[in-house]
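Heads up: the structure comes next, in structure tokens.
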Amino acid sequence: MVMTPFDKPIYTTKPLLPPLESLIPRLQDIWSCCWLTNDGPQSQILEKRLAEYLGTPHAYLFNNGTVALTIALKALDLKGEVITTPFTFAATPHSLSWNNITPVFVDIDPISMTLDPACIEAAITPQTTGILGVHVYGIPCHVEAIEKIASHHGLKVIYDAAHAFGTCINNTPISQYGDISMFSLHATKLFHTAEGGVLTFHDENLKKHIYSLRNFGLMGDEISSIGTNGKLNELQAALGLSVFECINVEREKRKQIKSYYYEYLNDIEGLHFIREPQNVESSYQYFPIRIDAKHFGCTRDELCEKLKQYNIIARRYFYPLCSSSFHYSHLASASSTNLPIAHQMVKEVMCLPFYGDLNLNTIEQICNIIIDLHINSLRR
Ligand code: T4K
């Protein structure tokens, strides 16, 4: 089969852009009231829509997910040690470090790629104050087991739900679990505000505190805490409102793309799908696969290289493990013997291009390149 490289790069993700015209009336509103930031009307409308969509009483917007997560930890007054996963984006452990909290890495389970509850239990010490789980690729953590452990040991639970916008378990929105969840609204996310984040929570008592931490710690004229500037501006909120109108169509398109991938790549020895359990509604954020080199015929890295030759830029999310970085590798919990599954998965996992604009022809070509490489590698 003769295949030629794509003229333009096919990236792993592509921002969802609403029709430009849909933004104009919103921008006119901003111009006419001359209110550009600081909890303006566009942000307030978007917060209401998000609260409804995410199934939560409170949804607060932030200028990005990392600041939102850092503030969430501060709002819960977490200290000492917090148990987390090494298989995530750097923002997760960094949000702990910015709060002077020591991340304690525990291993993941090889199916969901999220925290292994048995490992959490074993890592609890008198210094542990919380668990920071990541619904990686939008696949839910073992929320029931984590809740049980947390309530038994009196720990707070925060979920980094950066990838989990729209994830539901048995129709229950993912925001219902844990004390606080953070959803990233970065341009690469299905729903986005170019940069942005949102915190969801249930506890009424957290409302004022989180609101104030987002706004320099101010409560009226009082400086009530050491807050920061976490505010989203009105232009981005307006963009968010326009993007919001497109997300259902985008989800449907991605659902279709997912089923094409499943169809084309089914039954390839050594290529495993990382999929959510049957009772979970997907966030349709990424399309992760796992390459078992022994059976597939070549490594994940060789596959990425091959795709690159055709101008397909697949990403090795999340390589390297956060625990392997210089900033965390000195921690006892970061040792490879403590994290055997994570160390295996980080060599095998990658994300294929996945966004609504991908056409069937492109998906077919991506899959043909993968299949060709598999067949030729086994022949060698
Ligand atoms: N927790 C987790 C588990 C996370 O994954 C993240 C962020 C966070 C917390 C923190 O949330 P934020 O503070 O970001 O809200 C990207 C994103 O920047 C980051 O938001 C995301 N996770 C991470 C997984 O991916 P990079 O360095 O891979 O982005 P970049 O620029 O390489 O973009 C990825 C691809 O998207 C590019 O190859 C091309 C395409 N792209 C990107 C941008 C920005 C576009 O086509 N247009 C664009 O405007 O981090």
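Taking every DSSP beta bridge that has both residues in the chain, what percent is antiparallel when rounded to the nearest 5?
Working: 26 of 44 bridges.
Percentage antiparallel, nearest 5: 60.
Whenever you get a sec, compute what percent of the accessible area on the stretch 181-282 sits on carbon and sulfur atoms (1.4 Å probe).
Percent of accessible area from carbon and sulfur atoms in the stretch 181-282: 49.
Sequence-distant or interchain residues sharing an amide H contact under 5 Å with GLY217, placed H: which?
Placed amide hydrogens put GLY227, THR228 under 5 Å from GLY217.
Which three semi-axes in whole Å describe the equivalent ellipsoid of the chain, each the square root of 5 times a Cα gyration tensor eigenvalue, listed largest first?
35, 28, 17
Quick one: if you stick a label point 7 Å off each Cα along the C-beta vector at GLN344 and ASN215, how many nm between them?
Rounded to a tenth, the inter-label distance reads 5.1 nm.
By a straight-distance test (C-alpha under 22 Å), which lysines pair with LYS189 as possible cross-link partners, with residues fewer than eight away in the same chain excluded?
LYS8, LYS14, LYS48, LYS231, LYS253, LYS255, LYS258
Which value in nm describes the separation of the simple spin-label points at ASP267 and SER32, placed 7 Å from the Cα toward the beta carbon?
Taking the simple label geometry, ASP267 and SER32 are separated by 6.1 nm.
On each of the three principal axes of the Cα atoms of the stretch 206-364, give max minus min coordinate, whole Å, ordered largest first.
Result, largest extent first: 65, 46, 35 Å.
Please list, by residue number, every one of the chymotrypsin sites (Phe, Trp or Tyr not before Pro) in the stretch 148-217 that is coil in DSSP and has at most 16 other beta-carbon atoms within 10 Å.
PHE216
So for the pair SER336, ILE313, with labels modelled 7 Å out along Cα→Cβ, what separation do we get in nm?
Between SER336 and ILE313, the label points sit 3.0 nm apart.
Share of the stretch 1-149's accessible area from carbon and sulfur, percent, 1.4 Å? Each step should come with its number before you reach the end.
Numbers: 4240 of 6900 Å².
Ligands and nucleic acids excluded, carbon and sulfur give 62 percent.
Based on DSSP, what percent of beta bridges with both residues in the stretch 1-143 are antiparallel, to the nearest 5?
Antiparallel bridges make up about 10 percent of those DSSP assigns within the stretch 1-143.
Accessible area per residue, 1.4 Å probe, Å², for the stretch 190-257: what's the number? All intermediate terms of the calculation are to be shown ahead of the outcome.
Numbers: 3090 Å² over 68 residues.
Heavy-atom accessible area per residue stands at 45 Å².
Using only helices, what value at 222 nm comes out for the chain when you add -39,500 (n - 2.57) per DSSP H run of length 4 or more and divide by the total residues, to the nearest 500 deg cm²/dmol?
-11500 deg cm²/dmol
Which far-off residues, 5 or more places away or on another chain, put their amide H under 5 Å from the one on ILE108, with H placed in the peptide plane?
For ILE108, the qualifying residues are ASP116, ILE341, ALA342.
Collect residues whose amide H, placed 1.01 Å from N in the peptide plane, falls under 5 Å from the amide H of GLY130; neighbours closer than 5 in sequence don't count.
ILE83, LYS156
Under 18 Å from the Cα of LYS148, which aspartates and glutamates turn up, not counting those fewer than eight places away in the same chain?
Result set, ordered by chain and number: ASP109, ASP116, GLU121, ASP179.
Probe of 1.4 angstrom, ligands and nucleic acids ignored: what's the accessible area per residue over the stretch 1-156, in square angstrom?
Averaged over the residues of the stretch 1-156, the accessible area is 47 Å².
Hey, what's the stretch 329-368 come to in accessible area per residue, 1.4 Å probe, Å²? Don't skip to the answer; put the middle values down first.
On the way: 1640 Å² over 40 residues.
In whole numbers, the stretch 329-368 has 41 Å² accessible per residue.
Taking only complete DSSP H runs, can you tell me which helices of the chain stretch 24 Å or more along their own long axis by Cα positions and average at least 0.5 on the Kyte-Doolittle scale?
Helices meeting the span and hydropathy rule in the chain are 360-379.
The values are calculated or read from the model by the stated rules, or taken from the named source; none is laboratory data. Remember, it's a predicted structure, so these values are computed and weren't measured experimentally. Cβ atoms come from the backbone with ideal geometry, glycine included; neighbour counts cover every protein chain shown. The accessibility values were calculated without ligands, DNA or RNA, using every heavy atom of the protein model including side chains. Shrake-Rupley method; radii C 1.70, N 1.55, O 1.52, S 1.80 Å.
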